[in-house]
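Each remark here refers to the structure printed beneath this line.
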Amino acid sequence: MNAQEKEQYLREYSQLKNAGKPFFPYAVTKDGAMAAITLFVIIAMAILFGAELGPKADPTTTTYSPRPEWYFFFLFELLRVIKPPSLVLMATLGIPTICLILLLLLPFYDRSPERHPLKRPIAMIGAVATVVAMAYLSIIGALGGPPSEIEIPVAAAYEDGAAVTAASGCLGCHRIGENGNTLGPNLTAIGDRLGRDAIARTLINPTSPMPSYQSLQEENPEQFEALVDFIASLKEEAAEGGQDTQ
Ligand code: HEC
């Protein structure tokens, strides 16, 4: 902005300022009235229609697959894409926080006087890239399965067992392939260390904090056998094909 432009800007600014009304009390009154109306409408709707609640939480369920609200799908997908546990905090808290701080600091580092979008290529590319990235992550997040899914390649014979495993919440504590948690031992190649019978015994009579799956064996022996078959089939050479890292 050169001296002449600056002078013109200041002249226009003082003209507008003289013609306009002060922020307090005019704009404050209007905003306050609108905020009060909005609040009133929300309270009235809450009283008249109530808010829909999902089914009652069932702490014993093993088939629940956690899904966030749609506006969190991009974060959910970020969590699925970033597998190493050491990077998860960075991905889910770090990246969004850094982006927010950059946004807050925008007026301080972007000092360009230009306002036309075509004259602000870096800002425009940044904004469009952010929107596209969030839209893309949201869409795959909406279409993808839960993070507790078995993602290693599974032979057709063990598909039922893999489904029972996914539904039984094993990945809440164990890793299979690159999914799951590290509370319990990694099961990716457990078949090399434990035989089928040992695995079945562990499931029926586990060491705390692992829950017993005896009720599954009693109520659904077929599912239990399929589960044990699948876990016993997890061996090193089978795992190698599906893992390109480590
Ligand atoms: C609440 C967490 C939790 C859940 C859920 C869980 N486990 Fe475990 N599991 C553990 C822990 C912890 C151990 C290690 C126990 C020990 O130290 O002996 C373990 C041990 C095992 C072992 C023995 C591993 C070894 O190296 O000796 C197998 C096999 C196993 N779990 C399979 C499963 C399967 C299959 C499921 C799902 C049907 C499952 N677990 C669900 C926590 C869990």
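The values are calculated or read from the model by the stated rules, or taken from the named source; none is laboratory data. Here the structure is a predicted model, which is why all the values come from computation and not from measurement. Note that we place each Cβ from the backbone using ideal geometry, even for glycine, and neighbour counts take in every protein chain shown. Calculation scope for accessible area: heavy atoms of the full protein, side chains included, ligands and nucleic acids excluded. Shrake-Rupley method; radii C 1.70, N 1.55, O 1.52, S 1.80 Å.
Observations
- Within a Gaussian network of the chain (alpha carbon springs, distance under 10 Å), most fluctuating of E149, E236, E69: E69
- For D197 and L143, a Förster radius of 45 Å and the Cβ-Cβ distance give a FRET efficiency of 0.70, rounded to the nearest 0.05.
- Y9 versus A35: modelled label distance in nm, points set 7 Å from Cα along the beta carbon direction: 3.0 nm
- Full extension of the chain between L103 and N186 gives 25.8 nm of extra length, using 0.36 nm per residue less the Cα-Cα distance.
- Rounded to whole Å, the principal axis extents of the Cα atoms in the chain read 87, 50, 30, largest first.
- Selected from A91, A35, A133 as most flexible by GNM, with the chain as the system and alpha-carbon contacts under 10 Å: A35
- Rolled with a 1.4 Å probe across the full set of protein chains, the surface gives R11 an accessible area near 130 Å².
- Hz values of 3J(HN,Hα) by residue in segment 67-72 - Karplus curve (6.51, -1.76, 1.60), Gly and Pro given as x: 10, x, 5, 4, 6, 10
- Annotation: amide H-H contacts under 5 Å for C173 (H modelled 1.01 Å from N, sequence separation of 5 or more, or interchain): N181.
- Phi to ³J(HN,Hα) by Karplus 6.51 cos²θ - 1.76 cosθ + 1.60 over segment 45-58, Hz, x for Gly, Pro: 5, 5, 6, 6, 9, x, 10, 6, 10, x, x, 4, 4, 10
- Residue with peak Gaussian network fluctuation, the chain [Cα springs, cutoff 10 Å], from I125, I152, I47: I47
- Fully extended contour minus Cα-Cα distance, from A157 to S215, at 0.36 nm per residue: 18.5 nm
- Computing FRET efficiency as 1/(1 + (r/R0)^6) for M45 and L87, where r is the C-beta to C-beta distance and R0 is 35 Å, gives about 0.25.
- Between segment 80-141 and segment 1-29, the alpha-carbon center distance in angstrom: 32 Å
- Selection among I98, S138, F76 by position relative to the dipole of segment 70-143 gives I98 as farthest towards the positive end (Cβ unit charges, Cα centre).
- Mean separation of Cα contacts under 8 Å (6+ apart) over length of segment 70-143, as relative contact order %: 64 percent
- Per residue convex hull volume, Cα atoms of segment 156-242, in Å³: 88 Å³
- Packing-based ranking, highest mean first, of 161-172, 105-116, 219-230 given that Cβ atoms within 10 Å are counted: 161-172, 219-230, 105-116
- Charging the Cβ of each Asp and Glu at -1 and of each Lys and Arg at +1, and nothing else, the dipole of segment 70-143 about its Cα centre rounds to 120 debye.
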